[in-house]
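Working notes, beginning with the structure itself.
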Amino acid sequence: MPQLTINWMYPDLLSLYGDRGNLMALHRWGAWLGLDVQIRRVNSGDPIEPAHLAVFNSGDLDVAAMLTSRHADHLRAAVAAANQTVVFATSLALFARTTARQSNPDVVGLGLIPADTQEMTVDLTAIKQPFGDDYLLELAQDSPFILAGQRHLAGFYIKTLAVDLDPKVSPFADVSYGLDNTTLHRHGGNDGATHDSICWTGLLGPALVRNPWLTVALIELGLADAATHPDEGRLRQAWSLEQQSLAAVTAFAEAKRADPRSWQPVLAR
């Protein structure tokens, strides 16, 4: 049986919003594809073995500062050993150049994603923007993360970082609903980044549970020449429930956008 190997990086440190579900989704869909899925829990100091995927779930910025200052070589080795690295939300601070903090020393990242970030003020009410909300994304037509024609993604965000990507860095997706990387555009702009073998998205929580088409696309990219090329009809049937959920969330978000007074956004206090 073909094998899928996944390095789950720092699981005891990077897991803020039910992110373990991302690994459960990878295991479930890998098995559905007929793969022997091996998930390795890799903590600081553990040996780094080659893997198809490396997963960095979201983590606190203080944790990011500790990891980059004490374990930079370990982080670099993890990226080098994986065919594809997936980074969620605030863990961008590990791989950007710098993250300017509000009241703590800046986080000096590895610079593997050419970008600079800034921690958002706790009081986002000053700029009248939701601190957290639904998050709807659309992948570009030529995105390598599209599978079976499925370009739309759903999740939620908590806007902790404002991100400035270098011009040479491609965004991960366009924002259909929510705040973009820069926090300057609402229901527009870009989400995330892709650079070399790393992709980063602001989607929080078990994003791969909600978007199985992205999960399978990541598996296929990680497998590279050993990709399984699953039947698209079987895939659409297998994830029909998640597609219904996506349609419902999209309709709800459109209703909120049409009449913002009909709902109360969650604002920072």
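A single member of G178, G192, G202 is over 24 Å from Q237 (Cα atoms), surrounded by 23 or more Cβ atoms within 10 Å (Cβ to Cβ) and in contact with a Cys (Cβ under 8 Å, 6 or more places away or on another chain), and it is G192. F56 meets the stated requirement of being of a type outside the set (G, A, S), under 14 Å from the mean Cα position of the chain (by Cα) and within 30 Å of E232 (Cβ to Cβ). Note on the range 114-133: residues that are at pLDDT 95 or above and out of contact with any helix residue (DSSP H, G or I) (no Cβ under 7 Å at 6 or more places or on another chain) amount to 4.
Among what's in the range 11-39 and is assigned to a helix (DSSP H, G or I) and of a type in the set (G, A, S), pick the residue that is farthest from G205 (Cα to Cα). Going through the qualifying residues, I end up with A31.
From the list R101, R70, R76, exactly one residue is touching a residue at least 12 places away in the same chain (Cβ under 8 Å), charged (D, E, K, R) and closer than 17 Å to D164 by Cβ. Which is it? None of the other options fit; the residue is R101.
Within the range 221-255, the only residue that satisfies the criterion of being in contact with a Gly (Cβ under 9 Å, 6 or more places away or on another chain) and loosely packed, with under 14 Cβ neighbours inside 10 Å is E232. Mind telling me which of the residues V87, V42 ends up being under 16 Å from L203 (Cβ atoms), β-branched (V, I, T), at pLDDT 95 or above and crowded, with 19+ Cβ neighbours inside 10 Å? Sole residue among the options that is under 16 Å from L203 (Cβ atoms), β-branched (V, I, T), at pLDDT 95 or above and crowded, with 19+ Cβ neighbours inside 10 Å: V87.
Taking G30, is it more than 19 Å from I113 (Cα to Cα) and in contact with a strand residue (DSSP E or B) (Cβ under 6 Å, 6 or more places away or on another chain)? So G30 fits the description; yes.
The values are calculated or read from the model by the stated rules, or taken from the named source; none is laboratory data. Model, not experiment: these values are computed from the prediction. Quick reminder, even Gly has a Cβ in these numbers, built from the backbone with ideal geometry, and neighbours come from all protein chains shown.
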